[in-house]
């Protein structure tokens with residue numbers, strides 16, 4: 001089977017590509033998890049996050065938004081001491097802050113994020129991995145709106161990676177078995 005070129009690097013990438021990447025994800029907590037993990041990935045390789053994902057889930061209460069929103073100083077200290085996750089104070093603080101913002105969204109995180117999904121009508125899949133963009137007009141608009149509402153660590157590149165990972169945009173290359 002042909003796959004997107006990035007999926008060949010490690011066994012975890014292969015499974016992630018074949019089972020998750022680009023598959024539509026719905027639900028406030030599920031999307032909050034993906035948003036948080038994409039933020040933690042900033043400046044790191046995605047394989048680092050994939051290998052620590054179960055630790056992140058345990059450390060952040062399954063990414064249940066009300067649970068994370070209630071975290072206080074003791075939780076921050078606990079997270080900073082947890083070698084199973086990325087111990088970056090700014091990213092930990094942003095995740096907790098983002099949970100608090102998400103908790104207050106009248107329409108819910110799912111509806112807000114999916115309002116930026118790109119229509120697949122007439123959109124051609126990229127011919128090669130080199131043709132996959134790092135951002136889009138929709139990801140820039142998403143990042144701008146998330147920041148306006150108080151979210152942190154959500155630039156256009158992070159927003160686009162979230163869109164790709166959660167099926168809001170289909171960037172499987174044209175020859176990939178998942179395309180189509």
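Below are the figures for this structure:
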| item | result |
| --- | --- |
| Cα gyration tensor, region 38-91 - rounded (a/c under 1.5), prolate or oblate | prolate |
| Burial ordering of 52, 144, fewest other beta-carbon atoms within 10 Å first | 144, 52 |
| Folded to 0 to 90 degrees: helix 89-103 orientation relative to the chain principal axis, Cα | 90 degrees |
| Gain on full stretching of the segment that runs from residue 117 to residue 93 - 0.36 nm per residue minus C-alpha separation | 5.9 nm |
| Gain upon complete extension [residue 124, residue 6; 0.36 nm per residue less C-alpha separation] | 40.6 nm |
| Ellipticity estimate at 222 nm from DSSP helix runs (n ≥ 4, -39,500 (n - 2.57)) divided over the chain, nearest 500 | -15500 deg cm²/dmol |
| Residue exposure sequence - 154, 101, 15 - by fewest surrounding Cβ within 10 Å | 15, 101, 154 |
| Least to most buried among 105, 113 (fewest other Cβ within 10 Å first) | 105, 113 |
| Cα→Cβ-extended label distance, 7 Å offset, between residue 157 and residue 106, nm | 3.5 nm |
| Approximate spin-label separation residue 18-residue 144, in nm, with each point projected 7 Å along Cα-to-Cβ | 4.1 nm |
| Virtual spin-label span in nm between residue 179 and residue 137, 7 Å along Cα→Cβ | 2.3 nm |
| Protection proxy ranking of 137-143, 155-161 - average other beta-carbon atoms within 10 Å, highest first | 155-161, 137-143 |
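Every number in this text was worked out from the coordinates using simple rules, so none of it is lab data. All of these numbers come straight from a predicted model, not from anything done at the bench. Positions of Cβ are generated from backbone atoms using ideal geometry, with glycine treated the same way; all protein chains shown enter the neighbour counts.
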